[in-house]
Amino acid sequence: MADDSKLHIGLFPWLAFGHMIPYLEFAKAIAKKGHTITFISTPRNIDRLPKLPPEISPLISFVKLPLPSVDGLPEDAEATTDLPYDKVQYLKKAFDSLKQPLTTFLQTCDIDWLFYDFAPYWLPDVASGIGISHGFFSIFLAAVPCIIAKPPWLLKDDRSEPEEFTVPPKWVTFPSKVAFKLFEITKIFESVVGDASDVSDLFRFSEVLKGSEIIAVRSSLEFEPEWLNLLEEIFGKPCITVGMLPTTEHDGDESETWIEIKQWLDRQEKKSVVYVAFGSEAKPNQIELTEIAAGLELSGLPFFWVLRKRRGIYDTEVIELPEGFEERTKGRGIVWNTWAPQLKILSHDSVGGFLTHSGWSSVVEASIYERPLILLTFLADQGINARLLEEKKMGYPIPRNEKDGYFSGENVAESLKMVVVEEEGQIYRDKAKEMKLLFTEQTRQDMYVDQFVHHLQRNRRTKNKLLA
(Lines give C-alpha, C1' and ligand atoms only; values in the text may rest on other atoms or scores of the structure.)
Protein backbone atom coordinates (compact mmCIF):
# COMPACT_ATOMS: atom_id res chain seq x y z
CA MET A 1 0.00 0.00 0.00
CA ALA A 2 1.25 3.49 -0.88
CA ASP A 3 2.28 5.73 1.99
CA ASP A 4 -0.04 8.74 1.74
CA SER A 5 2.22 10.75 4.04
CA LYS A 6 4.94 10.73 1.40
CA LEU A 7 4.99 13.46 -1.20
CA HIS A 8 5.96 13.57 -4.86
CA ILE A 9 7.38 17.02 -5.62
CA GLY A 10 8.26 18.41 -9.04
CA LEU A 11 10.95 21.08 -9.49
CA PHE A 12 11.36 23.31 -12.54
CA PRO A 13 14.24 25.79 -12.26
CA TRP A 14 15.31 28.54 -14.63
CA LEU A 15 18.09 27.52 -17.04
CA ALA A 16 21.01 28.91 -15.06
CA PHE A 17 23.34 26.88 -12.88
CA GLY A 18 23.06 29.55 -10.21
CA HIS A 19 19.41 28.43 -10.04
CA MET A 20 19.64 24.73 -10.89
CA ILE A 21 22.20 23.96 -8.18
CA PRO A 22 20.08 25.46 -5.34
CA TYR A 23 17.07 23.59 -6.76
CA LEU A 24 19.13 20.40 -6.62
CA GLU A 25 20.10 21.11 -3.00
CA PHE A 26 16.39 21.71 -2.32
CA ALA A 27 15.66 18.32 -3.89
CA LYS A 28 18.30 16.59 -1.78
CA ALA A 29 17.04 18.16 1.46
CA ILE A 30 13.49 16.93 0.80
CA ALA A 31 14.59 13.50 -0.44
CA LYS A 32 16.51 13.00 2.83
CA LYS A 33 13.10 13.15 4.53
CA GLY A 34 11.93 10.21 2.41
CA HIS A 35 9.95 12.08 -0.26
CA THR A 36 10.16 11.64 -4.03
CA ILE A 37 11.46 14.39 -6.35
CA THR A 38 11.10 14.84 -10.08
CA PHE A 39 13.62 17.39 -11.36
CA ILE A 40 12.59 18.83 -14.73
CA SER A 41 15.01 20.55 -17.09
CA THR A 42 16.69 20.20 -20.47
CA PRO A 43 18.92 17.25 -21.43
CA ARG A 44 22.31 18.97 -21.48
CA ASN A 45 21.67 20.77 -18.21
CA ILE A 46 20.64 17.58 -16.41
CA ASP A 47 23.72 15.80 -17.73
CA ARG A 48 25.94 18.54 -16.26
CA LEU A 49 24.47 18.45 -12.74
CA PRO A 50 26.61 17.03 -9.90
CA LYS A 51 26.11 13.40 -9.01
CA LEU A 52 23.69 12.58 -6.23
CA PRO A 53 24.62 10.89 -2.96
CA PRO A 54 23.84 7.18 -3.39
CA GLU A 55 21.59 7.03 -0.33
CA ILE A 56 19.03 9.42 -1.86
CA SER A 57 19.54 8.91 -5.60
CA PRO A 58 16.63 6.40 -5.85
CA LEU A 59 14.26 9.16 -4.65
CA ILE A 60 15.27 11.78 -7.24
CA SER A 61 14.44 11.27 -10.89
CA PHE A 62 15.16 13.57 -13.81
CA VAL A 63 12.87 14.44 -16.69
CA LYS A 64 14.56 15.81 -19.80
CA LEU A 65 12.49 18.19 -21.93
CA PRO A 66 14.30 19.02 -25.19
CA LEU A 67 14.79 22.76 -25.58
CA PRO A 68 12.91 24.05 -28.65
CA SER A 69 14.95 25.68 -31.39
CA VAL A 70 14.81 29.47 -31.51
CA ASP A 71 16.39 31.85 -34.01
CA GLY A 72 19.40 33.47 -32.41
CA LEU A 73 20.01 30.66 -29.91
CA PRO A 74 22.93 28.31 -30.69
CA GLU A 75 21.84 24.67 -30.96
CA ASP A 76 23.78 23.35 -27.94
CA ALA A 77 23.22 26.34 -25.63
CA GLU A 78 20.84 25.32 -22.84
CA ALA A 79 22.01 27.46 -19.92
CA THR A 80 23.00 31.07 -19.34
CA THR A 81 26.58 29.94 -18.76
CA ASP A 82 26.74 28.88 -22.43
CA LEU A 83 25.93 32.36 -23.72
CA PRO A 84 27.07 35.96 -23.73
CA TYR A 85 24.73 38.23 -21.80
CA ASP A 86 23.00 39.64 -24.91
CA LYS A 87 22.00 36.14 -26.09
CA VAL A 88 20.16 35.15 -22.89
CA GLN A 89 17.00 36.76 -24.31
CA TYR A 90 16.80 33.92 -26.85
CA LEU A 91 17.19 31.36 -24.08
CA LYS A 92 14.18 32.89 -22.35
CA LYS A 93 12.18 32.62 -25.57
CA ALA A 94 13.10 28.94 -25.91
CA PHE A 95 12.31 28.39 -22.23
CA ASP A 96 8.82 29.80 -22.74
CA SER A 97 8.38 27.33 -25.60
CA LEU A 98 8.64 24.52 -23.04
CA LYS A 99 5.10 25.38 -21.91
CA GLN A 100 3.38 22.77 -24.08
CA PRO A 101 5.73 19.80 -23.48
CA LEU A 102 5.77 20.58 -19.76
CA THR A 103 1.96 20.75 -19.70
CA THR A 104 1.75 17.38 -21.44
CA PHE A 105 4.11 15.83 -18.91
CA LEU A 106 2.28 17.30 -15.91
CA GLN A 107 -1.07 15.96 -17.19
CA THR A 108 0.25 12.40 -17.02
CA CYS A 109 2.33 12.45 -13.82
CA ASP A 110 1.33 11.98 -10.17
CA ILE A 111 3.07 15.03 -8.72
CA ASP A 112 1.53 16.39 -5.50
CA TRP A 113 3.32 19.75 -5.55
CA LEU A 114 5.13 21.62 -8.31
CA PHE A 115 7.71 24.31 -7.50
CA TYR A 116 9.06 26.63 -10.16
CA ASP A 117 11.42 29.55 -10.56
CA PHE A 118 10.79 33.22 -11.35
CA ALA A 119 10.88 32.79 -15.14
CA PRO A 120 7.83 30.65 -16.16
CA TYR A 121 5.16 33.31 -15.64
CA TRP A 122 2.72 31.03 -17.51
CA LEU A 123 3.16 28.00 -15.23
CA PRO A 124 0.90 28.91 -12.25
CA ASP A 125 -2.12 28.91 -14.59
CA VAL A 126 -1.04 25.62 -16.15
CA ALA A 127 -0.65 23.93 -12.77
CA SER A 128 -3.99 25.29 -11.54
CA GLY A 129 -5.74 24.04 -14.66
CA ILE A 130 -4.36 20.54 -14.21
CA GLY A 131 -5.12 20.52 -10.50
CA ILE A 132 -1.56 20.35 -9.13
CA SER A 133 -0.69 22.24 -5.96
CA HIS A 134 2.05 24.68 -6.87
CA GLY A 135 4.35 27.36 -5.55
CA PHE A 136 7.34 29.57 -6.22
CA PHE A 137 10.65 28.38 -4.80
CA SER A 138 12.80 31.49 -4.56
CA ILE A 139 16.56 30.98 -4.62
CA PHE A 140 16.65 34.70 -3.81
CA LEU A 141 16.41 36.33 -0.42
CA ALA A 142 12.89 37.52 0.46
CA ALA A 143 14.13 41.10 0.09
CA VAL A 144 14.56 40.62 -3.67
CA PRO A 145 10.90 40.02 -4.66
CA CYS A 146 9.81 42.59 -2.05
CA ILE A 147 11.87 45.22 -3.85
CA ILE A 148 11.36 44.35 -7.50
CA ALA A 149 7.94 42.71 -7.88
CA LYS A 150 4.63 44.53 -8.08
CA PRO A 151 2.18 43.57 -5.31
CA PRO A 152 -1.04 42.08 -6.78
CA TRP A 153 -3.23 44.73 -5.12
CA LEU A 154 -1.35 47.45 -6.99
CA LEU A 155 -3.02 47.94 -10.38
CA LYS A 156 0.09 49.49 -11.86
CA ASP A 157 3.64 49.85 -10.60
CA ASP A 158 4.20 53.60 -10.80
CA ARG A 159 7.98 53.12 -10.88
CA SER A 160 8.68 53.71 -14.55
CA GLU A 161 12.20 55.17 -14.40
CA PRO A 162 15.38 53.52 -13.11
CA GLU A 163 15.89 56.28 -10.53
CA GLU A 164 12.67 55.22 -8.79
CA PHE A 165 14.22 51.84 -7.96
CA THR A 166 17.15 53.42 -6.10
CA VAL A 167 15.02 53.85 -2.96
CA PRO A 168 12.86 51.22 -1.23
CA PRO A 169 9.32 51.03 -2.69
CA LYS A 170 6.43 52.57 -0.79
CA TRP A 171 5.22 49.20 0.50
CA VAL A 172 8.39 48.70 2.58
CA THR A 173 7.08 49.76 6.00
CA PHE A 174 10.29 49.58 8.08
CA PRO A 175 13.55 51.59 7.96
CA SER A 176 15.88 50.22 5.30
CA LYS A 177 18.30 51.40 2.63
CA VAL A 178 18.02 48.18 0.64
CA ALA A 179 17.48 49.20 -2.98
CA PHE A 180 19.30 49.15 -6.30
CA LYS A 181 22.15 51.44 -7.21
CA LEU A 182 21.42 53.40 -10.37
CA PHE A 183 24.00 51.51 -12.45
CA GLU A 184 22.48 48.17 -11.38
CA ILE A 185 18.86 48.93 -12.20
CA THR A 186 19.83 50.73 -15.42
CA LYS A 187 21.36 47.49 -16.69
CA ILE A 188 18.11 45.65 -15.90
CA PHE A 189 16.05 48.28 -17.75
CA GLU A 190 18.38 48.13 -20.76
CA SER A 191 18.03 44.35 -20.96
CA VAL A 192 14.27 44.72 -21.56
CA VAL A 193 14.71 46.78 -24.72
CA GLY A 194 14.41 44.48 -27.71
CA ASP A 195 14.12 41.34 -25.54
CA ALA A 196 13.28 38.51 -27.91
CA SER A 197 10.95 36.95 -25.35
CA ASP A 198 8.91 40.20 -25.12
CA VAL A 199 8.59 39.65 -21.36
CA SER A 200 10.63 41.49 -18.73
CA ASP A 201 12.07 39.78 -15.67
CA LEU A 202 10.08 42.17 -13.48
CA PHE A 203 6.84 40.99 -15.12
CA ARG A 204 7.86 37.33 -14.80
CA PHE A 205 8.56 37.79 -11.10
CA SER A 206 5.27 39.56 -10.45
CA GLU A 207 3.14 37.03 -12.32
CA VAL A 208 4.79 34.03 -10.67
CA LEU A 209 4.31 35.52 -7.22
CA LYS A 210 0.70 36.48 -7.94
CA GLY A 211 -0.23 33.04 -9.28
CA SER A 212 1.49 30.85 -6.71
CA GLU A 213 -0.29 29.16 -3.82
CA ILE A 214 2.72 29.46 -1.53
CA ILE A 215 6.19 31.02 -1.64
CA ALA A 216 9.17 28.98 -0.45
CA VAL A 217 12.32 30.99 0.26
CA ARG A 218 15.93 29.93 0.63
CA SER A 219 16.44 31.92 3.79
CA SER A 220 15.60 31.92 7.49
CA LEU A 221 13.53 33.95 9.92
CA GLU A 222 16.63 34.71 11.96
CA PHE A 223 18.35 36.27 8.94
CA GLU A 224 15.68 38.52 7.40
CA PRO A 225 12.48 38.41 9.51
CA GLU A 226 11.13 41.79 8.38
CA TRP A 227 11.48 40.97 4.67
CA LEU A 228 9.89 37.53 5.04
CA ASN A 229 6.95 39.02 6.92
CA LEU A 230 6.60 41.75 4.30
CA LEU A 231 6.67 39.23 1.45
CA GLU A 232 3.82 37.27 3.04
CA GLU A 233 1.89 40.46 3.75
CA ILE A 234 2.09 42.09 0.33
CA PHE A 235 1.38 38.91 -1.65
CA GLY A 236 -1.23 37.52 0.75
CA LYS A 237 -0.09 33.91 0.79
CA PRO A 238 2.07 31.67 2.99
CA CYS A 239 5.77 32.49 2.83
CA ILE A 240 7.78 29.55 4.15
CA THR A 241 11.51 29.40 4.70
CA VAL A 242 13.43 26.24 3.79
CA GLY A 243 16.77 27.17 5.36
CA MET A 244 20.02 28.21 3.69
CA LEU A 245 20.50 24.97 1.67
CA PRO A 246 24.31 25.19 1.51
CA THR A 247 25.93 23.45 -1.43
CA THR A 248 27.07 19.97 -0.42
CA GLU A 249 30.05 18.00 -1.65
CA HIS A 250 30.38 14.28 -2.06
CA ASP A 251 33.19 11.76 -1.87
CA GLY A 252 35.56 11.66 -4.82
CA ASP A 253 36.40 15.36 -4.84
CA GLU A 254 40.12 14.82 -4.06
CA SER A 255 40.98 15.63 -7.66
CA GLU A 256 44.32 16.65 -9.11
CA THR A 257 42.86 20.14 -9.45
CA TRP A 258 42.26 20.44 -5.72
CA ILE A 259 45.59 18.89 -4.80
CA GLU A 260 47.40 21.50 -6.91
CA ILE A 261 45.39 24.38 -5.45
CA LYS A 262 45.77 23.10 -1.89
CA GLN A 263 49.53 22.88 -2.22
CA TRP A 264 49.66 26.58 -3.07
CA LEU A 265 47.21 27.55 -0.31
CA ASP A 266 49.20 25.51 2.22
CA ARG A 267 52.20 27.76 1.60
CA GLN A 268 50.31 30.96 2.46
CA GLU A 269 49.91 32.51 5.89
CA LYS A 270 46.69 31.88 7.79
CA LYS A 271 43.79 34.21 6.83
CA SER A 272 45.97 36.13 4.36
CA VAL A 273 44.62 35.10 0.94
CA VAL A 274 41.91 36.95 -0.96
CA TYR A 275 39.74 34.49 -2.85
CA VAL A 276 38.24 36.14 -5.95
CA ALA A 277 35.32 34.58 -7.83
CA PHE A 278 32.17 35.94 -9.44
CA GLY A 279 30.05 32.85 -9.94
CA SER A 280 28.88 31.10 -13.09
CA GLU A 281 26.94 34.07 -14.49
CA ALA A 282 28.85 37.29 -13.83
CA LYS A 283 31.62 38.40 -16.15
CA PRO A 284 33.43 41.73 -15.68
CA ASN A 285 33.87 43.92 -18.73
CA GLN A 286 37.38 44.85 -19.85
CA ILE A 287 37.50 48.10 -17.85
CA GLU A 288 36.31 46.32 -14.70
CA LEU A 289 38.77 43.48 -15.21
CA THR A 290 41.66 45.91 -15.58
CA GLU A 291 40.76 47.72 -12.35
CA ILE A 292 40.26 44.48 -10.39
CA ALA A 293 43.71 43.35 -11.52
CA ALA A 294 45.20 46.73 -10.60
CA GLY A 295 43.59 46.51 -7.15
CA LEU A 296 44.91 43.03 -6.47
CA GLU A 297 48.38 44.13 -7.51
CA LEU A 298 48.27 47.32 -5.42
CA SER A 299 46.95 45.54 -2.32
CA GLY A 300 50.07 43.47 -1.86
CA LEU A 301 47.90 40.62 -0.56
CA PRO A 302 48.16 37.03 -1.80
CA PHE A 303 45.18 36.09 -3.97
CA PHE A 304 43.56 33.18 -5.76
CA TRP A 305 41.43 34.47 -8.66
CA VAL A 306 39.00 32.25 -10.54
CA LEU A 307 38.70 34.24 -13.77
CA ARG A 308 36.13 33.52 -16.43
CA LYS A 309 37.20 35.34 -19.61
CA ARG A 310 34.10 34.50 -21.65
CA ARG A 311 30.52 33.27 -21.21
CA GLY A 312 30.41 30.18 -23.41
CA ILE A 313 32.03 29.55 -26.78
CA TYR A 314 29.71 32.05 -28.50
CA ASP A 315 30.99 34.98 -26.44
CA THR A 316 33.14 37.07 -28.79
CA GLU A 317 34.02 39.70 -26.18
CA VAL A 318 36.95 37.93 -24.56
CA ILE A 319 38.45 39.93 -21.69
CA GLU A 320 42.19 39.94 -21.05
CA LEU A 321 44.39 40.68 -18.06
CA PRO A 322 46.69 43.73 -18.21
CA GLU A 323 49.99 42.97 -19.91
CA GLY A 324 52.53 41.58 -17.47
CA PHE A 325 50.06 41.22 -14.58
CA GLU A 326 50.68 37.54 -13.97
CA GLU A 327 54.45 37.97 -14.17
CA ARG A 328 54.41 40.88 -11.72
CA THR A 329 52.28 38.95 -9.20
CA LYS A 330 53.92 35.55 -9.73
CA GLY A 331 54.27 33.66 -6.47
CA ARG A 332 51.89 36.01 -4.65
CA GLY A 333 48.82 35.31 -6.71
CA ILE A 334 47.25 32.73 -8.98
CA VAL A 335 44.81 33.32 -11.84
CA TRP A 336 42.80 30.15 -12.43
CA ASN A 337 40.93 29.95 -15.76
CA THR A 338 39.01 26.70 -15.35
CA TRP A 339 36.57 25.27 -12.80
CA ALA A 340 37.77 25.46 -9.19
CA PRO A 341 36.36 23.72 -6.07
CA GLN A 342 34.98 26.81 -4.34
CA LEU A 343 33.85 25.09 -1.14
CA LYS A 344 37.24 23.53 -0.59
CA ILE A 345 39.04 26.80 -1.25
CA LEU A 346 36.79 28.74 1.14
CA SER A 347 37.35 26.09 3.79
CA HIS A 348 41.13 26.49 3.72
CA ASP A 349 42.69 28.28 6.70
CA SER A 350 44.77 30.57 4.49
CA VAL A 351 41.71 32.34 3.06
CA GLY A 352 41.07 35.65 4.84
CA GLY A 353 38.46 37.28 2.62
CA PHE A 354 36.22 36.71 -0.38
CA LEU A 355 35.86 39.24 -3.22
CA THR A 356 32.45 38.20 -4.53
CA HIS A 357 29.63 39.27 -6.84
CA SER A 358 27.21 38.89 -3.89
CA GLY A 359 25.38 35.90 -5.36
CA TRP A 360 23.41 34.25 -2.57
CA SER A 361 24.92 30.78 -3.06
CA SER A 362 28.42 32.19 -2.75
CA VAL A 363 27.43 34.19 0.34
CA VAL A 364 26.03 31.05 1.99
CA GLU A 365 29.20 29.10 1.19
CA ALA A 366 31.46 31.87 2.52
CA SER A 367 29.42 32.19 5.70
CA ILE A 368 29.83 28.50 6.48
CA TYR A 369 33.57 29.09 6.75
CA GLU A 370 33.48 32.53 8.44
CA ARG A 371 34.89 34.43 5.45
CA PRO A 372 34.34 38.21 5.46
CA LEU A 373 33.05 39.57 2.16
CA ILE A 374 34.19 42.31 -0.19
CA LEU A 375 31.24 43.04 -2.49
CA LEU A 376 31.34 43.84 -6.21
CA THR A 377 27.99 43.40 -7.97
CA PHE A 378 27.41 42.75 -11.68
CA LEU A 379 23.88 41.42 -12.29
CA ALA A 380 20.24 41.38 -11.22
CA ASP A 381 19.57 40.45 -7.59
CA GLN A 382 23.20 40.90 -6.57
CA GLY A 383 22.64 44.57 -5.73
CA ILE A 384 19.84 43.80 -3.29
CA ASN A 385 21.95 41.09 -1.66
CA ALA A 386 24.86 43.51 -1.33
CA ARG A 387 22.73 46.20 0.36
CA LEU A 388 21.36 43.70 2.86
CA LEU A 389 24.82 42.30 3.58
CA GLU A 390 26.11 45.84 4.03
CA GLU A 391 23.30 46.63 6.49
CA LYS A 392 24.19 43.55 8.50
CA LYS A 393 27.95 44.33 8.38
CA MET A 394 28.58 41.00 6.69
CA GLY A 395 30.24 42.59 3.69
CA TYR A 396 31.90 45.80 2.55
CA PRO A 397 30.98 47.17 -0.90
CA ILE A 398 33.79 48.48 -3.07
CA PRO A 399 33.06 52.23 -3.58
CA ARG A 400 31.69 52.91 -7.08
CA ASN A 401 30.27 55.70 -9.18
CA GLU A 402 26.51 55.59 -8.57
CA LYS A 403 25.65 56.37 -12.19
CA ASP A 404 27.91 54.12 -14.25
CA GLY A 405 29.32 51.74 -11.62
CA TYR A 406 32.94 52.69 -12.26
CA PHE A 407 35.50 51.77 -9.60
CA SER A 408 39.27 52.16 -9.55
CA GLY A 409 42.10 49.83 -8.71
CA GLU A 410 42.74 52.00 -5.66
CA ASN A 411 39.13 51.41 -4.52
CA VAL A 412 39.68 47.66 -4.84
CA ALA A 413 43.03 47.63 -3.04
CA GLU A 414 41.84 49.77 -0.13
CA SER A 415 38.69 47.66 0.31
CA LEU A 416 40.60 44.38 0.29
CA LYS A 417 43.18 45.53 2.82
CA MET A 418 40.55 47.03 5.10
CA VAL A 419 38.41 43.87 5.28
CA VAL A 420 41.22 41.30 5.39
CA VAL A 421 43.96 42.84 7.54
CA GLU A 422 43.27 46.33 8.87
CA GLU A 423 41.77 47.13 12.27
CA GLU A 424 38.88 49.03 10.66
CA GLY A 425 37.69 45.80 9.05
CA GLN A 426 37.55 43.83 12.28
CA ILE A 427 33.79 44.39 12.40
CA TYR A 428 33.40 42.33 9.19
CA ARG A 429 35.69 39.56 10.41
CA ASP A 430 33.82 39.39 13.73
CA LYS A 431 30.43 39.36 12.00
CA ALA A 432 31.55 36.47 9.79
CA LYS A 433 32.28 34.42 12.91
CA GLU A 434 29.00 35.45 14.52
CA MET A 435 26.87 34.42 11.52
CA LYS A 436 28.41 30.98 11.04
CA LEU A 437 25.98 29.17 13.35
CA LEU A 438 22.99 30.60 11.53
CA PHE A 439 24.21 29.05 8.28
CA THR A 440 25.60 25.76 9.54
CA GLU A 441 23.59 24.41 12.47
CA GLN A 442 22.07 21.22 11.06
CA THR A 443 19.26 21.02 13.60
CA ARG A 444 18.06 24.46 12.55
CA GLN A 445 18.26 23.61 8.83
CA ASP A 446 16.38 20.32 9.37
CA MET A 447 13.67 22.14 11.31
CA TYR A 448 12.99 24.46 8.38
CA VAL A 449 12.73 21.58 5.90
CA ASP A 450 10.46 19.61 8.27
CA GLN A 451 8.13 22.58 8.74
CA PHE A 452 8.00 23.13 4.99
CA VAL A 453 7.18 19.47 4.26
CA HIS A 454 4.47 19.43 6.93
CA HIS A 455 2.85 22.45 5.32
CA LEU A 456 2.84 20.69 1.94
CA GLN A 457 1.32 17.55 3.45
CA ARG A 458 -1.50 19.52 5.07
CA ASN A 459 -2.30 21.61 2.02
CA ARG A 460 -1.88 19.43 -1.06
CA ARG A 461 -4.83 19.00 -3.39
CA THR A 462 -6.57 15.69 -4.00
CA LYS A 463 -5.19 13.38 -6.64
CA ASN A 464 -8.23 13.90 -8.88
CA LYS A 465 -6.71 16.16 -11.51
CA LEU A 466 -8.76 18.53 -13.58
CA LEU A 467 -8.43 18.52 -17.35
CA ALA A 468 -6.08 21.23 -18.59
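The values are calculated or read from the model by the stated rules, or taken from the named source; none is laboratory data. Predicted, not measured: the structure shown is a model, and the values here were computed from it. Every residue, glycine among them, receives a Cβ derived from its backbone with ideal geometry; neighbour counts consider all protein chains shown. The area values use the complete protein model at the heavy-atom level, side chains included, leaving out ligands, DNA and RNA. Shrake-Rupley method; radii C 1.70, N 1.55, O 1.52, S 1.80 Å.
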*Average projected area [Cα convex hull, segment 284-434], square nanometres*: 9.1
*Just in segment 377-411: which trypsin sites (Lys or Arg not before Pro) are loop by DSSP and have at most 10 other Cβ atoms within 10 Å?*
403
*Post the alpha-carbon centroid distance, segment 24-91 to segment 110-126, in whole angstrom.*
15
*Stretch residue 450-residue 404 to full length: gain in nm at 0.36 nm per residue minus the Cα-Cα span?*
12.1 nm
*Label assignment, Rg and Dmax of the Cα atoms in Å derived from the structure, set (1) 22.3, 83; (2) 30.3, 103; (3) 21.9, 69*: (3)
*Surface per residue (accessible, 1.4 Å probe) for the chain, Å²*: 43
*Report, please, the projected area of segment 343-414 averaged over directions, based on the convex hull of its C-alpha atoms, in nm².*
5.0
_If each residue of separation counts as 0.36 nm, what is the full-extension length gain between residue 347 and residue 173 once their alpha-carbon separation is subtracted?_
58.8 nm
*State whether segment 12-131 is rounded, prolate or oblate according to the following rule on the C-alpha gyration tensor (a ≥ b ≥ c being the square roots of its eigenvalues): a/c under 1.5 gives rounded; otherwise a/b larger than b/c gives prolate, and the remaining case gives oblate.*
oblate
_Take residue 110 and residue 249, extend 7 Å from each Cα along the Cα→Cβ direction, and tell me the distance between the two endpoints in nm._
3.9
*Filtered GluC sites (Glu not before Pro), segment 1-83: DSSP coil and at most 12 other beta carbons within 10 Å*: 55, 75
*For the modelled label position 7 Å from the Cα of residue 272 along Cα-to-Cβ, which residues of segment 293-316 have backbone nitrogen atoms closer than 18 Å?*
296-305
*Once Lys and Arg get +1 and Asp and Glu get -1 on their Cβ, which of 295, 227, 205 lies farthest toward the positive end of the dipole of segment 183-318?*
295
*With label points built 7 Å along Cα→Cβ from the Cα atoms of residue 313 and residue 423, find their separation and express it in nm.*
5.6
*According to a simple spin-label model (label point 7 Å from Cα along Cα-to-Cβ), what is the distance in nm between residue 287 and residue 436?*
4.0
_Dipole of the chain, positive end: most advanced residue of 265, 155, 38 [Cβ charges, Cα centre]_ = 38
_In degrees, nearest ten, helix 225-235 long axis to first principal axis of the chain (Cα)_ = 40
